[in-house]
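The values are calculated or read from the model by the stated rules, or taken from the named source; none is laboratory data. All values reported here derive from a predicted model rather than from experimental measurement. Cβ sites come from the backbone with ideal geometry, for glycine too, and all protein chains shown count toward neighbours.
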Amino acid sequence: MATEISTTLIRVNSPAFKHEDFIPARYTCEGEDISPPLELDDVPAEARSLVLIVEDPDAPNGTFDHWISWNIPIMKTIAENSNPGISGTNGFGKTGYGGPCPPSGAHRYFFRVYALDTTLDLPAGARKNQVLEAMENHVLAMGELMGKYQKKAQ
C-alpha cells in the first residue's frame with residue numbers, strides 16, 4: 001500500500017485578479033496602493049505561521065521587494081488592505097505593502113506564501129534576506145500567485 005505524501009503546495013488566489021492576469025490599478029501606485037485580498041488553501045495542518053513575500057523580478061536594478069511579512073497566523077484569507085504578522089522593510093524603505101509601480105513596461109509581481117513549522121524571532125523592519133535565512137529548514141509548503149502591472153501613464 002502506497003503511503004500518502006502530504007501536500008507541499010499552498011494554493012494562493014485572489015478575488016481581485018487571476019494568476020498571470022493584470023493587477024487592478026487600485027492595488028498599485030496609480031490607485032489606492034493597498035494590498036489585494038489573498039485566499040489560501042491547502043496550508044498544512046502542522047504549520048505554525050505564514051510568511052508572505054511580494055517581489056518584482058523585472059525591476060531594472062534586480063528583484064524589488066514590495067511586501068515582506070512573517071509570523072502571520074494561520075488563516076484562509078488575508079484581507080484587502082490588511083497587514084497581518086510582522087512587517088519587514090520593503091524596497092521603498094518602508095514597512096508594509098508597497099504596490100506595483102514599474103518605471104516602464106509590464107512587470108511581474110509574485111505573491112509568495114510560505115507555511116513554516118515555527119515562528120520567526122526577528123525584529124520588525126528586518127530585510128528579506130534575514131527572513132529567508134531564518135526560514136531555512138522550517139518551510140513545510142509554499143505557493144504563489146503572479147500578477148502583472150503596467151502603468152497607464154508612461
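Residues in region 72-105 that are within 15 Å of Ile23 (Cβ to Cβ) and aromatic (Phe, Trp, Tyr): Tyr97 alone. Of all residues in region 120-135, those satisfying the criterion of being outside any helix (DSSP H, G or I) and within 17 Å of the chain's Cα centre (by Cα) are Leu120, Ala124, Gly125, Ala126, Arg127. Just so you know, in region 57-98 the residues that are touching a residue at least 60 places away in the same chain (Cβ under 8 Å) and aromatic (Phe, Trp, Tyr) include one that is nearest to Ala25 (Cα to Cα), and it is Tyr97. Here Asp56 meets each of (1) under 13 Å from the mean Cα position of the chain (by Cα); (2) within 16 Å of Tyr114 (Cβ to Cβ); (3) among the charged types (D, E, K, R) with one exception, condition (2). Within region 97-117, restricting attention to residues that are touching a strand residue (DSSP E or B) at 6+ places or on another chain (Cβ under 7 Å) and exposed (fewer than 15 other Cβ atoms within 10 Å of the Cβ), which residue is farthest from Leu145 (Cα to Cα)? Per the stated criteria, the residue is Asp117.
Just give me the residues in region 1-56 being at pLDDT below 95 and not in a loop (DSSP other than H, G, I, E, B), in sequence order. The answer is Leu9, and nothing else.
Look through region 61-88, keep the residues that are polar (S, T, N, Q) and part of a strand (DSSP E or B), and return whichever of them is nearest to Pro37 (Cα to Cα). Among residues in region 61-88 that are polar (S, T, N, Q) and part of a strand (DSSP E or B), the one nearest to Pro37 (Cα to Cα) is Thr77. Looking at region 118-154, which of its residues are surrounded by fewer than 14 Cβ atoms within 10 Å (Cβ to Cβ) and either polar (S, T, N, Q) or touching an Asp or Glu at 6+ places or on another chain (Cβ under 9 Å) (or both)? Within region 118-154, Asn129, Asn137, Lys152, Ala153, Gln154 qualify.
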